[in-house]
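K.L.:
One structure, pasted below without further comment.
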Amino acid sequence: MSDAAPARIRPQRRPADLAAIEAVVARAFAKHGGTAAFRDFRASREDIISLVAERDGNIVGTVLFSPVVLDSPAGPVAGMGLGQLAVDPACQQQGIGSALSLAGLELLREQACPFVIVIGHAGYYPRFGFAPGADHGIECQWDNIPAETFMVMFPTGKREGLTGRAAFDGL
C-alpha cells in the first residue's frame, strides 16, 4: 500500500474530463491497444454512470456503468453493466479500482438497479458480490466469452425472475 493521498471519487464532468479519462484508459490498457469503444458512451450518453478517481487534481482512475437489457421470460428488464474499470498503472494496487467499483455499485443500489453484469477477471470481481452468470441463469450476449468471466450481482438482493440473456445497450 502506498503512502499517497487517498483518491477522491466523483462523477465525470462532461466533456471536461474526457481527455484525462482517455489518457488513463490508454495507459491502463496499453497492452491491449486501449479501449476506445467506450469513448462515445462517455461523451454522449446520459443514461450511464461514469465516475473518476482524482488525486492531487489529476484523474487517476475511472469506472463506467452502462445500460444492459436482460431478455427475461417475463419480458425485458433494465439493468447495468460494469463496462470499464481503469486505474493509471502508477496508482494500481492502492484500492482505487475497488473504491470506484464500490461507489458505482452503491449508486446503483440506491437507484434500485436489479442487476449488474461484468465481463472481467474471475479472481477480482467476486469481492464485490459478482458470481458467474450461469449460476443464476443469466447468459452473455456474446457466445465466445468464457463462462467464468461473465458475472452478475444483484445490488438490491432481489433475484426473482432475473434469468435470460443479457445484452449491453449500444455495444
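K.L.:
Report yes if some residue within segment 155-167 is within 16 Å of the chain's Cα centre (by Cα) and more than 27 Å from Glu54 (Cβ to Cβ); otherwise report no. Outline the logic, then answer.
P.N.:
Filtering segment 155-167 down to residues within 16 Å of the chain's Cα centre (by Cα) leaves 155, 166-167.
When the remaining residues are screened for being more than 27 Å from Glu54 (Cβ to Cβ), the result is 166-167.
Within segment 155-167 (the criterion being within 16 Å of the chain's Cα centre (by Cα) and more than 27 Å from Glu54 (Cβ to Cβ)), the answer is yes, since at least one residue qualifies.
K.L.:
For segment 1-86, list the strands (runs of 3 or more DSSP E) that sit wholly inside it and hold at least 3 residues that are under 30 Å from Glu139 (Cβ atoms) and either acidic (Asp, Glu) or modelled with pLDDT of 90 or more (or both); which are they? Give the steps one after another, and end with the answer.
P.N.:
Numbers: elements: 8-11, 49-55, 58-72.
It comes to 49-55, 58-72.
K.L.:
So, one more: Touching a residue at least 12 places away in the same chain (Cβ under 8 Å) and within 22 Å of Asp47 (Cα to Cα): which single residue out of Val87, Val118 fits that description?
P.N.:
Val118
K.L.:
Taking the condition of being under 15 Å from Ile21 (Cβ atoms) and hydrophobic (A, V, I, L, M, F, W, C), how many residues in segment 61-107 meet it?
P.N.:
Final tally of qualifying residues: 9.
K.L.:
Would segment 45-68 turn up any residue that is free of Cβ contacts under 8 Å to residues at least 60 places away in the same chain, among the hydroxyl-bearing types (Ser, Thr, Tyr) and either crowded, with 16+ Cβ neighbours inside 10 Å or under 26 Å from Gly164 (Cα atoms) (or both)?
P.N.:
yes
Results for (1) in contact with a helix residue (DSSP H, G or I) (Cβ under 9 Å, 6 or more places away or on another chain); (2) closer than 23 Å to Ser98 by Cα; (3) at pLDDT below 95; (4) surrounded by 14 or more Cβ atoms within 10 Å (Cβ to Cβ), shown as yes or no for each residue.
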residue	(1), (2), (3), (4)
Ile117	yes, yes, no, yes
Gly120	yes, yes, yes, yes
Phe128	yes, yes, no, yes
Pro132	yes, yes, no, yes
Cys140	yes, no, no, yes
Asn144	no, no, yes, no
Thr156	yes, yes, yes, no
Gly164	no, no, no, yes
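K.L.:
So which pairs qualify, if the first residue must be in segment 146-171 and in contact (Cβ under 8 Å) with a residue 60 or more places away in the chain and among the aliphatic types (A, V, I, L, M), the second must be outside any loop (DSSP other than H, G, I, E, B) and surrounded by 14 or more Cβ atoms within 10 Å (Cβ to Cβ), the Cβ gap must be under 6 Å, and the two must be at least 6 apart or on different chains?
P.N.:
Partner pairs satisfying both residue conditions: Ala166/Val68; Ala166/Leu70; Ala166/Ile117; Ala166/Ile138; Ala167/Val69.
K.L.:
On the basis of being within 13 Å of the chain's Cα centre (by Cα), modelled with pLDDT of 95 or more, under 19 Å from Arg10 (Cα atoms) and among the acidic types (Asp, Glu), does Glu110 make the cut?
P.N.:
In short, no.
The values are calculated or read from the model by the stated rules, or taken from the named source; none is laboratory data. This structure is a prediction, so every number in the text was calculated from the model and none was measured. Backbone-built Cβ (ideal geometry, glycine too); neighbour counts: all protein chains shown.
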